[in-house]
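Input: a single structure, listed below in structure tokens.
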Amino acid sequence: MARTVIAITGPRRGAIAPRMLVALAIRFYGGRPLQLRPGTNTASLNIMVSS
């Protein structure tokens, strides 16, 4: 079974510790974190967005 990809957003600089803790929690619960930053071209990531 494929792991669910969960996007983590944040600023371009800084906030490394909070992002890493969130990514660790996502991995702990069976997900796969994806770091998105402002300006990331999501069309090239081949992901499905649900609302």
* **Filtered residue count, segment 1-15, keeping only those that are loosely packed, with under 10 Cβ neighbours inside 10 Å and not in a loop (DSSP other than H, G, I, E, B)** => 0
* Asked: Which residues, taken from segment 16-39, are in contact with a Ser or Thr (Cβ under 6 Å, 6 or more places away or on another chain) and open to solvent by 70 Å² or more (accessible area, probe 1.4 Å)?
  -> none
* Structure fact -> Expected single match for at pLDDT below 80, among the aliphatic types (A, V, I, L, M) and within 12 Å of the chain's Cα centre (by Cα) among ILE47, ILE26, ILE6 is ILE47
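The values are calculated or read from the model by the stated rules, or taken from the named source; none is laboratory data. All figures in this text were calculated on a predicted structure; none of them were measured in a lab. All Cβ positions, glycine included, derive from the backbone under ideal geometry; neighbour counts span all protein chains shown. The protein model used for the area step is the full one, side chains on, heavy atoms only, and it has no ligands, DNA or RNA in it. Shrake-Rupley method; radii C 1.70, N 1.55, O 1.52, S 1.80 Å.
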